[in-house]
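Student: Below is a structure I'd like to ask you about.
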Amino acid sequence: QPARAVDIVEEESGAPGEEQRRWEEGRLGAASLKFGARDAAAQEPKYQLVLEEDETIEFVRAAQLQGDEEPSGPPLSAQAQQKESIQAVRRSLPVFPFREELLTAIANHQVLIIEGETGSGKTTQIPQYLFEEGYTKKGMKIACTQPRRVAAMSVAARVAREMGVKLGNEVGYSIRFEDCTSERTVLRYMTDGMLLREFLSEPDLASYSVVMVDEAHERTLHTDILFGLIKDVARFRPELKVLVASATLDTARFSAFFDDAPVFRIPGRRFPVDIFYTKDPCDPAPWGYTGVPDGTGVYGGGKWLECFRGGWEEIEAACEMLQDRCRRLGSKIRELLVLPIYANLPSDMQARIFQPTPPGARKVVVATNIAETSLTIEGIIYVLDPGFCKQKSYNPRTGMESLTVTPCSKASANQRAGRAGRVAAGKCFRLYTAWAYQHELEETTVPEIQRTSLGNVVLLLKSLGIHDLMHFDFLDPPPYETLLLALEQLYALGALNHLGELTTSGRKMAELPVDPMLSKMILASEKYSCSEEILTVAAMLSVNNSIFYRPKDKVVHADNARVNFFLPWAESGYSSQWCYENFVQFRSMRRARDVREQLEGLLERVEVGLTSCQGDYVRVRKAITSGYFYHTARLTRSGYRTVKQQQTVFIHPNSSLFEQQPRWLLYHELVLTTKEFMRQVLEIESSWLLEVAPHYYKAKELEDPHAKKMPKKVGKTREELG
Ligand code: CDP
Ligand code: MG
């Protein structure tokens, strides 16, 4: 019998992207060790122990065992490695000295507001303390909500590691379309939206002993709704413990809302941060003020730097620009690693920001406000704050939702600055004047509930039997018109009757974890016998614009590939190579497949059978129209206008319909960037609108007075729209 114990030496095999199989063989007694088989898509080399008689044993990196979708999280800092113990790291966190005091406070009060700076250990430690204290005895569970999917996943992975358990066993996470929990999971990290949905199946949250609403200061829509529901449940479940954890913002308000619940403060460890403003107003976009490129200015001794940009497009653009400048400066500056971080970034890329910087090099992390509070990157010394964030806003008069770059709040700016003082004294450079800070920035960010559409939440509350929404216990009430419009839209979609009561169809719509229009579309696929195709559409919409990538040096190829996208991925056997060749993000596609599977599993519950349109795509388009008849635009002599509100809108130049300019269009969403762009458009016929929504459209408003005189092509070219 050959010896099976072998030392496996990790070795890089081949350059990334290299396709050939390369084996490195070494004989070990009777056994031989092979490693390094790779293909273009595999990121990990393969390690195999080949025994005689062709018996092989394969090795997988421990980090990979928990599924490669899981972010591997930051490695322990060097200091932590010296202590050689995860427990030592846990003991070093600011919350640790308060463990007993905190547990006593929780035992003595039903609701406790916990205030502590980012990184003090609220999210990772407090649920563990409760677990150790026995709050999960008798099969009870602890929920900890996070506003962001990435945070829920990475925090759960971190806690699982700290507890030495496999992710998905005692510790797990649950985010929309992805459930990494099991019967055994007692510590459940989940998005706030997922806990909201728990109310549908368990209105009193009876299986939970503790609910921790974390990152409460973010004031997301779902967190705000949770406040009202949990406050209510707490009244008739005196044994339920409610924790509201927040960065050092807003805690007095939370306390007042929960009948003057006590506030528990965890003192932070902070180093001073010097704040700098620009002398004169400036345009932060061109990066001329960063001082990074010449490497001689203020950043000379800098180790890490964090910059906050709007959305992922801006982040990628900023990274490219920085890299480009570094390349041009060559050896004139010290090595600079430029790394992006945003919610949709593939997890292996995310993990890179946590990796140690090579000696002598500096690292720049270009981040969205995800790094403001929900992710902690150790070692940031300098923060560069352009003073903007990407924010959703909603106009209840037109029903338009838009995502715009807006000035951030003072609270955000201070959170950002705080990131510079975690390991040593730091500096924060604000790309705006002190005057602008004083006079132009709002104190705090407007809570999401006041700047978003409410269709989804109203439908959910109605299904929970809460009818009088005007008197729901809101921390901050939404605008009256927004609530009204949500009710109107749900009525138009057939989810509510004229008394505002939930209909059978509305009940089914609430079962599906997607927006009302999307769920209406799925329900309508029954009528048009095309649920197979509609599921695919729904899944693709749910991962929307992260499907395609457009590397700067291959824009033309990528755009061609995008136009030819109809080439079925499925026919290629869902291949990653196909995705690569067609400039499609494999991970997004895989996620879309997962989403589709989940939705398919839910079809039965809403009594929709699995049917295919058999190539008759008009049926698919009609089903989509049944859900999205609200979002329609028609081509007029001056370009596209939305049918109901008469607002001027544009097809995005990246759209494959950009050249064709069809007369009638339906869109998935409107995004205001440089213009009001329709994202994900579909050509429709106006007569369908009367067919699917006769209660909403009159034949007269769909008449087309200019039909004959219409020029062949109006609107601007791609170049003009930039
Ligand atoms: O919630 P809070 O911001 O108070 O702190 P936390 O998220 O519990 O983080 C406590 C410590 O764990 C910090 O030093 C983080 O850097 C670390 N952490 C980590 O290494 N990996 C994560 N996914 C989350 C936190
Ligand atoms: Mg936290």
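Student: Which condition number does residue 94 fail, the rest of (1) surrounded by 20 or more Cβ atoms within 10 Å (Cβ to Cβ); (2) in contact with a Ser or Thr (Cβ under 9 Å, 6 or more places away or on another chain) being met?
Tutor: For residue 94, the exception is condition (1).
Student: While we're here: Is one or more of the residues making up region 642-662 buried (at least 19 other Cβ atoms within 10 Å of the Cβ), at pLDDT 90 or above and among the polar types (S, T, N, Q)?
Tutor: Yes, region 642-662 contains at least one residue that is buried (at least 19 other Cβ atoms within 10 Å of the Cβ), at pLDDT 90 or above and among the polar types (S, T, N, Q).
Student: All but one of (1) modelled with pLDDT under 90; (2) over 30 Å from residue 507 (Cβ atoms); (3) surrounded by fewer than 19 Cβ atoms within 10 Å (Cβ to Cβ); (4) of a type in the set (A, V, I, L, M, F, W, C) hold for residue 470, so report the exception by its number.
Tutor: (2)
Student: Okay, next question. Taking the stated definitions as given, is residue 687 more than 34 Å from the chain's Cα centre (by Cα) and either farther than 30 Å from residue 496 by Cβ or at pLDDT 90 or above (or both)? Outline the logic, then answer.
Tutor: Details: more than 34 Å from the chain's Cα centre (by Cα): yes; either farther than 30 Å from residue 496 by Cβ or at pLDDT 90 or above (or both): yes.
Taking the combined requirement at face value, the residue satisfies it.
Student: Looking at region 231-256, which of the residues that are among the aliphatic types (A, V, I, L, M), out of contact with any strand residue (DSSP E or B) (no Cβ under 6 Å at 6 or more places or on another chain) and away from ligand 1 (no atom under 16 Å from the Cβ) is farthest from residue 471 (Cα to Cα)?
Tutor: Narrowing region 231-256 to residues among the aliphatic types (A, V, I, L, M): 233-234, 240, 242-245, 247, 249, 252, 256.
Checking which are out of contact with any strand residue (DSSP E or B) (no Cβ under 6 Å at 6 or more places or on another chain) leaves us with 233, 240, 247, 249, 252, 256.
So of that shortlist, the ones also away from ligand 1 (no atom under 16 Å from the Cβ) come out as 233, 240, 252, 256.
On the way: 233: 17, 240: 24, 252: 22, 256: 18 Å.
My answer is 240.
Student: While we're here: Among the numbered conditions (1) more than 16 Å from ligand 2 (Cβ to nearest atom); (2) closer than 30 Å to residue 509 by Cα, tell me where residue 145 comes up short.
Tutor: The one condition residue 145 does not meet is (1).
Student: What number of residues within region 161-190 are assigned to a helix (DSSP H, G or I) and either within 16 Å of ligand 2 (Cβ to nearest atom) or of a type in the set (S, T, N, Q) (or both)?
Tutor: Looking only at that region, the number is 1.
Student: Only one of 402, 409, 393 is away from ligand 2 (no atom under 16 Å from the Cβ), surrounded by fewer than 21 Cβ atoms within 10 Å (Cβ to Cβ), under 30 Å from residue 632 (Cβ atoms) and at pLDDT 80 or above; which? Step through it out loud before you land on a result.
Tutor: Details: 402 fails: at pLDDT 80 or above; 409 fails: under 30 Å from residue 632 (Cβ atoms).
Unique residue meeting the criteria: 393.
Student: Of all the residues that make up region 421-454, how many are assigned to a loop (DSSP other than H, G, I, E, B), among the small types (Gly, Ala, Ser) and more than 22 Å from residue 404 (Cβ to Cβ)?
Tutor: Quick first cut of region 421-454, residues assigned to a loop (DSSP other than H, G, I, E, B) only: 422-425, 431-433, 441-447, 451-454.
Now narrow it down to the ones that are among the small types (Gly, Ala, Ser): 424-425, 453.
Filter once more, keeping what is more than 22 Å from residue 404 (Cβ to Cβ): 424-425.
Qualifying residue count, region 421-454: 2.
Student: Which pairs have Cβ atoms under 6 Å, sit 6 or more apart or on different chains, and link a residue in region 101-130 that is more than 18 Å from residue 269 (Cα to Cα) to one that is of a type in the set (D, E, K, R)?
Tutor: Here the result reads 103/133; 106/241; 129/99, each pair linking region 101-130 to a residue that is of a type in the set (D, E, K, R).
Student: Can I ask one more? Looking at (1) in contact with a Gly (Cβ under 8 Å, 6 or more places away or on another chain); (2) in a strand (DSSP E or B); (3) more than 15 Å from ligand 1 (Cβ to nearest atom), which is the only condition residue 222 fails?
Tutor: Looking at each condition in turn, residue 222 falls short on (2).
Student: Quick one: how many residues across region 623-641 are in contact (Cβ under 8 Å) with a residue 40 or more places away in the chain and over 22 Å from residue 511 (Cα atoms)? Quick ask: steps written out before the conclusion?
Tutor: Of all residues in region 623-641, those in contact (Cβ under 8 Å) with a residue 40 or more places away in the chain come to 623-640.
Going one step further and asking which of them are over 22 Å from residue 511 (Cα atoms), we end up with 631-640.
Total meeting the criteria: 10.
The values are calculated or read from the model by the stated rules, or taken from the named source; none is laboratory data. Since we're looking at a predicted model, the values are computed, not measured. All Cβ positions, glycine included, derive from the backbone under ideal geometry; neighbour counts span all protein chains shown.
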